[in-house]
Every structure is written in structure tokens, then in C-alpha cells.
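Visitor: Right, I'll just put the structure down here and ask away after.
Read the figures in this text as sums done on the coordinates, not as results from a lab. Keep in mind that this is a model prediction, so the values were computed, not measured. Positions of Cβ are generated from backbone atoms using ideal geometry, with glycine treated the same way; all protein chains shown enter the neighbour counts.
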Amino acid sequence: MKEKHTKNDRHNHSHGGIFGEKTELYFAIIGGIFFFTGIIIEFSTNLPEKWALYSYIATYFFGGYFTLTEAIEKIRKGEFEIDFLMLVAAVGAAYIGSWEEGALLLFLFSIGHALEKYAMNKAKKSIEALGELSPKTALIKKESEVIEIPVEELKLNDIIVVRPNTKIAADGVIIKGSSSINQASITGESIPIDKTAIADLSNLPKFREIDKTNIVFTGTINGDNALEIKVLKLSEDSTIARLVKMVSEVETKKSPTQLATKKFEKWFVPAVIILVITLCFAYLVLNETSTESIYRAISVLIAASPCALAISTPSAVLSGIARAAKGGVLIKGGRALEDLGSLTTIAFDKTGTLTEGKPKLTNAIALNAYNKEAFLELVLDVESLSNHPLAKAISKDIKSQYKIEVKNKALDIKAIQGKGISATYKGANILIGNATLMIEKKITINDHVATQMNNLLNDGHTAMLVASNNELIGLLSVMDTPRETAKSTLLRLKEMGIEKMIMLTGDHQNVGDSIAKQIGLTEAKGGLMPEDKVTAIQELKEKYTKVAMVGDGVNDAPAMANSTVGIAMGAAGSDVALETADVALMSDKIENLPFVIGLSRKSKSIIKQNLWISLGIVAILIPSTLIGWASIGVAVAIHEGSTLIVVINALRLLRYKE
């Protein structure tokens, strides 16, 4: 059975009929009723045998109807698969007068496949449920009134109103209000995320470049406050729409095990047909009747039909992908799912992956007995006038860490390209910048300060000196700090058997070494351009065979494309990340990585179990039917039972917990 249920697929059970979607199941049940009626008539009453025969014929009709329609469709395409084999076996049973066993075969085969469909649909519905998350209507603001329209009628830049505790109808940016948003449907985050209105709408960047605290996604749930949102993506382009589309598409991407199974089936099914035809004429060399030979051949045909083998891998792959999607992870197909489970080496980008992706004030040291609070007030007033990213980071962190507010006493700020800034503060000339700037201004840097500064630089910090009227008064340092969860996540990966964890970064080697030491990486490679990262990945693959690359899906796209498995973090809202990566973590939480690797390993384990079950049953049943130990009825029961076992085993993945 294939993993994607389309009208052209093998064992497609999306049949309609007089009972709707459940028609096949009801037909199977009716066939069962006629079968047991025939058994009762034949063995427990004095009614004529023809009434039992009529019941068995009715079972043939209801149990074989959908099997026949599928077989005809396949035969028209020149394909002879499992449905065809089952029909041949049933016709053969009728030919030799074993109507009851042929009826049992079609009843169990039809009821088994109807139950298969029900079980497999549980996995399918876990994915399809994503598509039901989007609301059907939106409240749009038109001048002084708010009207309700279908989401399909929304246009870019429309303003929609989202009431408390309702679903958000479009991907966009908050322009009014603040609230906590439940994003579990997109990112898998269990805790609502605080969101607020964007400060400046005049120069709006691209959607993926807007701060995540200002953007919202279709299908997520608003908290207790009303919001006004500017629509930046239409419904068909929304994150949830693309996620559903890609999850649906990944089912067609075969895993290595699926491809190997297909190759096996190509020679196994013809071999079975040849064996069965040969067994039909066994009476010519054995001391038995032609009826006994045909009976044995039919039993072998049923025993050798690889139903369980055909469904074993697709059912596990589909369940694994569905469970990942529920946890906020998009896995693009069986190959990525299986490859993840065999990894021992992972390469990471630094910025935004292992680190916060933004500079943070790490040291603010007052020198020469300068008052610490006065020093911080001076730095805050001067830096708050600058638009440089480092200045913004310093200002923000002084406010949050030291609870100091801007006094607006700094004037005449000037940028000194590549070196720092100058300003006037309470009549004093202020300089904030690197050592080169201080040397140019003939400001003395004593050995103690120089040592402090060098130590910070060696540890990966960006260090700056502060001078007032040509005298050093302080030292500042900023750094892109590791994520809070990075160290514990890498430790968990190490416990799971990931032997090599390597950072690939464009930053200076000192920065890479410092971060690696703090969070427990195996190695750090600094000063790399995007093409250098590709070379590094190729070298790692030569050494360790399979290598994953974890990045943001944009700058790291070439490296991810060259890795065994490309993993994008924070992919929600990023077109490039979703398109480039084999695996997309919809949130930017690195702690989801152990979950998806653990899920992959569990999937591989269940695939192996299913293969052993399916092949083991066939290996036992074929010789058992050949020597006459197993009748048609026994072969049918075990055959259908094994198929259901592998499906139910695969569905265990839907409840996977790390």
C-alpha cells in the first residue's frame, strides 16, 4: 500500500457509495453477515445446501466489490498487484468447490482493508487537521465600521480586527494592541507568546524580517485583548497553508526502506505467481488430485501476498511525519525521517541558532573610581542617540538590567566610522569606541585596562572604552550570547549518541571558541564564508558519512543543501527556510532538536519491527501452506491479522513523547 491516498494509488479506500465514505466498511460487514449465515445454514440447519451457497455468493459480491473495482483499474494500466492476487485466490476456491473458504477470504480481506483505512486515516487526519485551523471569515476595518467577510476576499494591507480568544485570520503585523498569542498550531510552543504592536509602520521590512514579537500567523489564537492587524500574506500564501501543502507533498518522497521494499516487491510478486501456477500442476508428479494441488496453490498465493510488507513502511513514515507536524516540526518525507535517525554528527550555524542572534551587554565597568551609576547614566544618554545596533543593544540592556532611564543630557553625537562615536554630555567631551579611537585621541590606556580588554576580546566579546575629557572612565563589552537552552540541548543530544557537534560561523575564531566552550560543542570553525561552510560540510561527510546542518535557512542554504539533512530553525513565516530545509523547526527553539531526532529513531525502530513482522509471517506461512499445515482459512486470518498489526504498531508514533 502506498502512503499517499490518491485515486491512482494502490489500495485507495476513499470509496464513495450509498453509505458515503463508510460504504466499503458496511459492504464488508454485510459480506460477513452473509458468510456466517451460510456457515449456520450449512452446519446447523437442515435447509438445502443451495441456501448456504447463495449466502456465500452474496459474500463474494459484498466482500469482493471494491477489491474487484480496484483490480480492474490496475489491470487497465497493466499492473497486477495484491488485490488481483486475492481475487484469483477467491475464484480458484470457488472453482474447486470451496465456496465457504473463498467467502472467508473476501470477507476478511475486505474488512481488513476497511479497518486499515480507518487506522491510516487517524494519521492522515492529524495532518489534515492543520488545514481546519484557519478561520473561514475575518473582521475587516473599513473606515468607521467593522464588517465580516470570507478570508478569501482579504487583500494585502487590509486591516483586520481580532477579538479576544478568537482565531487570527491572516499572517500579518500588529499595528494596534498587545496580547498573548497561542502559537502551538504553528510552532508547537505550549506557552502563549506575548505580542505587541510594531513601533514604526512607515518603513515596514519584509514579513520574515519583522521582529517576531510584532507578527502573527493564521490559525493561531488570540489572548484576552483585542488586536488590529495589517494583512501581509493572503490566505493561500499564509504559513499554515504552505505548511499543510508541504506536509501533504512529503508523503510522496520515499524513504530508503520504501525504495528497497519496492524493488523487493517487483521480483517477489512475479516469483509468487510463477510458484502458484507451478503448484496448480503438482498433481502430475505427486500422489494427489488436481483439486488438492489447486487448493495448496491458492493457500500459498494468500500466504505470499505481501500486504503487510507493502503497508509497513508507509504507515510508519506517515505517522512519524504527522506526529512531528503536531509538535511544530515539518519533516519533508521518509528519506529525511530515516536519515535523521542515523545521524552521529551535527553542524550548527552560530548566530540565531546556538545564540540569541542579537548583541547583549555583558560588562559595564567603571574605571578610575568613577561612580558606577553615573557612568551608566552617561553611557545610556549618549548611546540612546545612536542608531548603531551595538548602541541600541547597550541602551536597551542598561535600561532593563540597571533600571535606569534616559535623562536627555547628551548632545552633538557624531559617528566615527569603524571606531566609535563622540558626543557632549554635561559639557564634557565623551568618546565611546575601540582602542584605535582612544590611541588616535592620545588617551592613555594603562596595562591593567589593556589586559582586561584583551581578555574580553579573546573570549569573543566586542569591547569598547569610554572616555570623558580625554580620561578613561569605563569599559563596555557586548556579545551575541548563547541561548539559555543551548547547553542543555547539546548535552541531551550527546546523551542520545550524537558524537560530533561542530559550529560553523562567519565570526572570528575567538568568538566561536568562546561560545563552543560555554555550551559544550565538540569544535568551532570560525571566519567562514557561505562557500567555506559548504566545503566544511563536504569534508565532514567524507569523514562521518551522514551530517546534518542546522541553520536559519537563508544564509546557510548552500550548506544545508549539501548536508545529509538540512534543518532550519524558526521556519514559521520564512519562505526560504520552508523551501530549503529537509526538516523545519517552526519555532526558533533549539530544544526541539532532540525531540525530532528521537522521533526519527523511534520511527526507524518501528519500521524495522514492521519489516520483521511482515517478512516473518510470509516466511512462516509459505512453507506451512506448501506442506499442508495451514488451510486457506488459517492463511487468510494470519495474513490479514499481520497487516493490521503493522498498521497499529506504526500508529504508536502518533503518541510519541521524548
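Visitor: Find out how many positive minus negative residues lie around N434, taking Lys and Arg as positive, Asp and Glu as negative, among other residues whose Cβ is under 14 Å from that of N434.
Guide: Net charge in that neighbourhood comes out at +1.
Visitor: If you don't mind, there's one more thing I want to ask. Over the Cα atoms of the chain, Rg to Rh with Kirkwood Rh, two decimal places?
Guide: For the chain, the value is 1.15.
Visitor: Something else about it: What distance in nm separates the two pseudo spin-label positions at E495 and A226, each 7 Å out from Cα along the beta-carbon direction?
Guide: 4.8
Visitor: What's the extension gain from K77 to K266 if we count 0.36 nm per residue and subtract their Cα-Cα distance?
Guide: Once the chain is fully extended between K77 and K266, it gains 66.5 nm.
Visitor: While we're looking at this one, here's another question. Rounded, prolate or oblate for the stretch 356-482? Axes are the square roots of the Cα gyration tensor eigenvalues, ordered a ≥ b ≥ c, and the cut-off for rounded is a/c under 1.5.
Guide: The shape class here is rounded.
Visitor: Given a Förster distance of 45 Å, report the FRET efficiency between S400 and K141 from their Cβ-Cβ distance, rounded to the nearest 0.05.
Guide: About 0.85, to the nearest 0.05.
Visitor: Just add up the charged neighbours of V550: K/R +1, D/E -1, any other residue whose Cβ is under 10 Å from the Cβ of V550. Walk me through the numbers before you get to the answer.
Guide: Details: positive: none; negative: D349, D552, D556.
In short, -3.
Visitor: What aspartates and glutamates could a cross-link reach from K392, if we take a straight Cα to Cα line under 12 Å and drop same-chain neighbours fewer than 8 places away?
Guide: D381, E383
Visitor: Students often forget the sequence filter, so: which lysines lie under 23 Å Cα-Cα from K500 once same-chain residues fewer than 8 apart are removed?
Guide: K350, K487, K517, K525, K533, K541, K543, K546, K589, K602, K604
Visitor: Pulled fully out, how much extra length does the chain show between F36 and T522, if you take 0.36 nm times their separation in residues and subtract their Cα-Cα distance?
Guide: Extending this stretch completely gives an extra 168.3 nm.
Visitor: Tell me, in nm to one decimal, what length is gained between L411 and F43 on full extension, where the rule is 0.36 nm per residue of separation less the Cα-Cα distance? Please list the in-between numbers first.
Guide: Values: separation 368, 0.36 × 368 = 132.48 nm, distance 10.57 nm.
This chain segment gains 121.9 nm when fully extended.
Visitor: Right, next: I need the chymotrypsin sites (Phe, Trp or Tyr not before Pro) found in the stretch 605-658, filtered to DSSP loop residues with at most 16 other beta carbons within 10 Å of theirs. Write out the running numbers ahead of the final one.
Guide: Values: sites: W612, W629, Y656; in loops: W629, Y656.
Those satisfying the criteria are W629.
Visitor: Consider just the alpha-carbon atoms of the stretch 137-234 and return their Rg together with their Dmax, both in angstrom.
Guide: Final numbers for Rg and Dmax: 12.4, 37 Å.
Visitor: Cross-link partners among lysines for K399, C-alpha distance below 18 Å, same-chain residues fewer than 8 apart left out?
Guide: Within the straight-line limit of under 18 Å, K399 reaches these lysines: K358, K360, K372, K407, K409.
Visitor: Which value in nm describes the separation of the simple spin-label points at K22 and L284, placed 7 Å from the Cα toward the beta carbon?
Guide: Placing both labels 7 Å beyond Cα along the Cβ direction yields 5.2 nm.
Visitor: Sticking with this one: Helix check for the chain. Which DSSP H runs span at least 27 Å along their own axis by Cα, with a mean Kyte-Doolittle hydropathy no less than 1.0?
Guide: Qualifying helices: 23-44, 307-326, 632-651.
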